[in-house]
Ligand SMILES: C[S@@+](CC[C@H](N)C(=O)[O-])C[C@H]1O[C@@H](n2cnc3c(N)ncnc32)[C@H](O)[C@@H]1O
């Protein structure tokens, strides 16, 4: 596991993290560094690949909508795109858009989707989740926000 890569190189920014935890605000990936960004993606990837789709398949109401031709899914705070890719694989008729405020994450997500063979249906944008409507994604059937609460643009 790559946990040590996540936290040890981030140590210099812990003071800033603590201050913002107490006072509000977030810590950007730029402050935490590439190791933290990559480790976060690697840690969550196995769950997305093995459990995200089965979890959604357990909701018949969700399933009925997402299995439709032309369904649209927004993945807010998509990071390196593993959740977006898992959604694209689970719902072959759907178009999935992943958004994240972090440009290097979106760059990685595009590359990962290409390798996964879903780049035609999984697209990515550097954007605030709050601005989905600006690029026509306002009428999505499902908006997923996966573990994006504690990190915010710095
Ligand atoms: C904890 S990471 C999770 C990344 C990915 N979902 C995963 O599980 O690997 C949270 C992500 O949310 C992004 N994020 C935070 N606030 C955001 C916002 N307002 N709009 C879009 N993305 C945001 C961060 O840049 C970060 O990539």
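The values are calculated or read from the model by the stated rules, or taken from the named source; none is laboratory data. Predicted model only: the values in this text are computed from it and were never measured. No Cβ is skipped: glycine too gets one built from the backbone with ideal geometry, and neighbour counts run over all protein chains shown.
Hey, among 45, 22, which residue is over 13 Å from the mean Cα position of the chain (by Cα) and either at pLDDT below 90 or part of a helix (DSSP H, G or I) (or both)? Before the answer, list the steps.
Details: 45 fails: over 13 Å from the mean Cα position of the chain (by Cα).
Answer to the selection: 22.
Here are some conditions: (1) near the ligand (Cβ under 10 Å from one of its atoms); (2) buried (at least 16 other Cβ atoms within 10 Å of the Cβ). Residue 56 meets all but one. Which one does it not meet?
Here residue 56 clears every test but (1).
Residue 113 is checked against (1) outside any strand (DSSP E or B); (2) near the ligand (Cβ under 10 Å from one of its atoms) and fails just one. What number does that condition carry?
Only one criterion is unmet by residue 113, namely (2).
Could you run through region 71-104 and say how many residues are surrounded by fewer than 24 Cβ atoms within 10 Å (Cβ to Cβ) and within 9 Å of the ligand (Cβ to nearest atom)?
Total satisfying the criteria: 4.
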